[in-house]
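A short reminder: the numbers here are calculations on the coordinates, not readings from a lab. All values derive from a computational prediction rather than experimental measurement. When we count neighbours, we look across all protein chains shown, and the Cβ atoms used for this are built from the backbone with ideal geometry, even at glycine.
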């Protein structure tokens, strides 16, 4: 699966992904799988990368 650039994520989202990856690695997942699951979890929780400013409508 192609991976996009992670530039559009906040520092908090990057840290959160790192913690999730570490947890998966501790439970025996491969590095590649742990990374994919970490980003998938952050995307599911936050809906993707950085949100626009005050003009944002919705979640």
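In which sequence would 25, 44, 15 go, from the one with the fewest C-beta neighbours within 10 Å to the one with the most? Let's see the in-between values first.
On the way: 25 15, 44 9, 15 12.
Least crowded to most crowded, the residues run 44, 15, 25.
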With a 10 Å Cβ neighbour count serving as the proxy for reagent exposure, in which order, fewest first, do 37, 45 appear?
45, 37
